[in-house]
Amino acid sequence: MASGPQLNTEAPDFTLPGGALSGETFDRSDYRLSAARGRSVVLAFYPGDNTSVCTKQLCSYSSGMEAFEGLDADVWGISPQGVDSHESFARAFGLRMPLLADEGREIAKAYGVSAPGIGVRRAVFLIGPDGLLRWKHVALLGATFQSLDTLTNHLSGIKGA
């Protein structure tokens, strides 16, 4: 299994199609990691839209968006489903972060979280405003996820660095 990027090295850049709810509108666009420089980015890889653990995880992060904003951080959810699936998932649960479609799992592979049989491992990567990977957690089984408090604590350290 690929280990993915190492801490304190430049995070693999990518551009993925995605979208985000803005009121009643689902705004579709391409998301490029290098275009987010100057802000931290939380990359939350998850196995699938509308699954129980993924829904809990993304709802938790969505409800904490103000905490992420206060730390100058964006949160991007990434999974292998297409943008249409992401739109219905975002609308069903009022998710406030962009959901990106990694349909070929190239980005999951680049980050070492593509897994035969299950598709994508649940994982979180914190990218600093300088584009360096500052923290990561890759779940082996995927039934749990990193809490909002854990992520904001790590982001506070990045912002203060």
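The values are calculated or read from the model by the stated rules, or taken from the named source; none is laboratory data. Everything quoted here is computed from the prediction, not taken from an experiment. All Cβ positions, glycine included, derive from the backbone under ideal geometry; neighbour counts span all protein chains shown. When the accessible area is computed, the model is the full protein with side chains, heavy atoms only, and any ligands, DNA or RNA have been set aside. Shrake-Rupley method; radii C 1.70, N 1.55, O 1.52, S 1.80 Å.
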Over 26 Å from Ser156 (Cβ atoms), open to solvent by less than 40 Å² (accessible area, probe 1.4 Å), among the hydrophobic types (A, V, I, L, M, F, W, C) and within 13 Å of the chain's Cα centre (by Cα): which single residue out of Ala108, Ala90, Ala20 fits that description? Ala108
Considering Gly64, Gly128, Gly82, which residue is closer than 22 Å to Thr9 by Cβ and open to solvent by less than 40 Å² (accessible area, probe 1.4 Å)? Gly128
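For Glu69, are the conditions met, namely being farther than 17 Å from Asp13 by Cα and either surrounded by fewer than 17 Cβ atoms within 10 Å (Cβ to Cβ) or touching a Pro at 6+ places or on another chain (Cβ under 7 Å) (or both)?
Details: farther than 17 Å from Asp13 by Cα: yes; either surrounded by fewer than 17 Cβ atoms within 10 Å (Cβ to Cβ) or touching a Pro at 6+ places or on another chain (Cβ under 7 Å) (or both): yes.
It is true that Glu69 is farther than 17 Å from Asp13 by Cα and either surrounded by fewer than 17 Cβ atoms within 10 Å (Cβ to Cβ) or touching a Pro at 6+ places or on another chain (Cβ under 7 Å) (or both).
Of Thr15, Thr51, which residue is open to solvent by 30 Å² or more (accessible area, probe 1.4 Å) and touching an Asp or Glu at 6+ places or on another chain (Cβ under 8 Å)?
The match here is Thr15.
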Helices (runs of 4 or more DSSP H) lying entirely in the range 27-126 (those with 2 or more residues that are over 24 Å from Thr150 (Cβ atoms) and hydrophobic (A, V, I, L, M, F, W, C)): 83-93
